[in-house]
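Taken together, the values in this text are just the output of simple stated rules run on the coordinates, not laboratory data. Computed from a prediction, not measured in an experiment: that's the story for all the values here. FYI the Cβ positions are ideal-geometry reconstructions off the backbone, even for glycines, and counts take in every protein chain you see.
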Amino acid sequence: MTRKLSPGVELDGFLLGDKLPSGGMASIWSAAKPGVDRPIILKVPFLDPGEEASVIIGYEVERMISARVSGPHVPKFYGFGDLAETPYIAMEFVEGESLEKVIQGAPLPVDRVRDIGLQIATGLVSLHAQKVAHLDLKPANVILAKRGAVLIDFGLARHAELPDLLGEESSMPMGTAAYIAPEQVLGERSDPASDIFALGCILYQMTTGREPFGSPQTTAGMRRRLFQSPDDIARINPAAPRWLRQVIANCLEVDRGRRYGDAAQLAHDLRHPDQVKLREAKAEPTPGKWLQRLFARKPAPEAVVGAGRAIDRSAPSIILASVFLTGGEDALTEQIRAETARLLAVRRDSRLACVTVWKTELIGQQPEIDKDGNSIYVKHLVALKDWARPLGLDEERLSYHVLEAVSAADAILEFAERNHASHIVMGARGSSALRRHLGSVSTKVVAEATCSVTVIRVAGDADNGPGDA
């Protein structure tokens, strides 16, 4: 259970100071720790009922990626807290000015636009070289420090060598509506070029004082950027030079094949405006073939990868282990773990997705905290992590998912299909007449799964559980 926080409280050696202005997903605290000579902040995710899934998944993503990135363009990482106790991310407090505040004075002078754009592009070069796409680049996530632009908030980011926790659980658009790239609108989260599109939106806003596509509140509204160009910069700000308008146009190409190939090319053009290649103005954008396939929900991997920039070029096959741990571990869950370990040993190029289903009701409000006031979602997630710990897998081969669903079988089948699972391991409890009559979770999964399934039974197991395991 998360501790009550206040100035003077100590968390794993971090001494809390003042509470700082915070966002909607986490509280922010100043902190200090012996041996660390830089100011520190602790980011503590909110665990309010109704927000656990998105907040906790974002926390898991950010703490894994923050620990793996380094350099002057990201905050220094100092540690994190256990989900079972008080989750937090400890990082450097970056002194500087938020671009969100600076951009309120837009349109900015051209030299200022160029300088800030170059700082951000340089930060993206470093980030992308570390196999990370930010995927939520916006003014609020850029701090203009003495050492250059520092990119913060990796809650929606994607690391090429880590499981995509967000993408595995949902295909809905993830990002900030004003800056999200066309491919992200369609659920694609694999390309650093999405950050280049977002930077183009920022450059447009700094130059004109407007967001190029507004801030739509619906998916349909966000999709309009696939087919409609933003208003002509020259009409809004006649002082904007043609080279800058061309740089922004190159960033905002709908077809990723026509966008800048990487952030280094964009940085080069901002550094050498006299060398920017000018093009004739073109008509409304038309999506490339790869984007048309995405729009039709029929992605073609060879097209999506494009020019070899995409993060997820050859994802390992996924073994899905489905376990129900409401009553704690028992002989059945132990045998599922043993079979999972055997499969992973045989298929060393595979990774594991640990799944448990939190069954909800068709009618009525689902309780989200237990009698002690603890998050039920977090309890499921912690139990899943405890179950997987003896497998000894690195984070690169492991992900955890608590699926909320009325039908456990449907949730498992949907997850397996969306993530192209190669094999499912699950358990079955007992075989009473009622279960044979109504069917079971494992029976439906075996009948409808598009991959192979191993069902584990324990000899002599009575039908005394809430369902299959």
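Semi-axes, largest first, in whole Å: what does sqrt of 5 times each Cα gyration tensor eigenvalue give for the range 76-181? All intermediate terms of the calculation are to be shown ahead of the outcome.
On the way: eigenvalues 140, 63, 38 Å².
Over the Cα atoms of the range 76-181, the ellipsoid semi-axes are 26, 18, 14 Å.
Highest mean first, what order results for 171-179, 444-452 on Cβ atoms within 10 Å?
Working: 171-179: 18.3, 444-452: 15.2.
Descending mean neighbour count gives 171-179, 444-452.
Can you compute the FRET efficiency between Q275 and L20 using 1/(1 + (r/R0)^6), with r the Cβ-Cβ distance and R0 = 41 Å? Round to the nearest 0.05. Present the calculation step by step, with values, prior to reporting the outcome.
Details: r = 43 Å, r/R0 = 1.04.
Efficiency, rounded to the nearest 0.05: 0.45.
Rounded to the nearest 20 debye, what is the charge dipole size of the chain about its Cα centre when +1 sits on each Lys and Arg Cβ and -1 on each Asp and Glu Cβ? Each step should come with its number before you reach the end.
Details: 55 positive and 60 negative charges, 268 e Å.
Magnitude of the dipole: close to 1280 debye.
How much of the DSSP bridge set in the chain is antiparallel, in percent, rounded to the nearest 5? Intermediate values should be presented prior to the final figure.
Working: 28 of 50 bridges.
Just about 55 percent of them are antiparallel.
For the peptides 6-12, 231-237, what is the packing order when you average, over each peptide's residues, the other Cβ atoms within 10 Å and list the highest mean first?
On the way: 6-12: 12.6, 231-237: 14.4.
Ranking the peptides 6-12, 231-237 by packing returns 231-237, 6-12.
Based on alpha-carbon atoms only, what is the radius of gyration of the chain relative to the globular estimate 2.2 N^0.38 Å? Please list the in-between numbers first.
Numbers: Rg = 24.3 Å, N = 469, 2.2 N^0.38 = 22.8 Å.
It is 1.07.
Can you give the extra length, in nm with one decimal, that the chain gains between R418 and T450 once fully stretched, where that is 0.36 nm per residue apart less the Cα-Cα distance? Before the final figure, lay out the partial values.
Details: separation 32, 0.36 × 32 = 11.52 nm, distance 1.09 nm.
The R418-T450 span can extend by a further 10.4 nm.
Could you sort 107-119, 13-25 so that the peptide with the highest average Cβ count within 10 Å comes first and the rest follow in order?
Details: 107-119: 18.1, 13-25: 13.8.
My ranking of the peptides, most packed first, is 107-119, 13-25.
Hey, rough spin-label estimate for S54 and D349, points 7 angstrom out along Cα→Cβ, what's it come to in nanometres?
3.8 nm
Could you tell me which of Y59, G214, T326 has its Cα farthest along the dipole of the chain towards the positive end, charges placed at Cβ (Lys, Arg +1; Asp, Glu -1), taken about the Cα centre?
After comparing all options, I get G214.
Once each part is reduced to its C-alpha centroid, what is the distance from the range 201-263 to the range 152-167 in angstrom?
Each part reduced to its Cα centre gives a spacing of 25 Å.
Please give the net charge around L244, taking every other residue with its beta carbon less than 10 angstrom from that of L244, where Lys and Arg add +1 and Asp and Glu add -1. Walk me through the numbers on the way to the answer.
Details: positive: R114, R242, R245; negative: D269.
So the surrounding residues net to +2.
Of G155, L108, A121, which is farthest on the positive side of the dipole of the range 101-209, counting Cα position, with +1 on Lys and Arg Cβ, -1 on Asp and Glu Cβ, and the Cα centre as origin?
L108
Let me know the shape class of the range 318-456, please: from the alpha-carbon gyration tensor, a ≥ b ≥ c as square roots of the eigenvalues, rounded when a/c is under 1.5, otherwise prolate if a/b is greater than b/c, or oblate. Intermediate values should be presented prior to the final figure.
Numbers: a/c = 1.57, a/b = 1.16, b/c = 1.35.
Because a/c hits 1.5 or more and a/b fails to exceed b/c, the range 318-456 counts as oblate.
Count charges around S399 for me, please; just the other residues with Cβ under 12 Å from its Cβ, Lys/Arg as +1, Asp/Glu as -1.
Working: positive: R351, K385, R397; negative: E60, D164, E168, E169, D394, E395, E396.
After counting each charged neighbour, the total is -4.
DSSP beta bridges in the range 318-456, what fraction antiparallel, as a percent rounded to 5?
Details: 1 of 23 bridges.
Looking only at bridges with both residues in the range 318-456, the antiparallel portion is about 5 percent.
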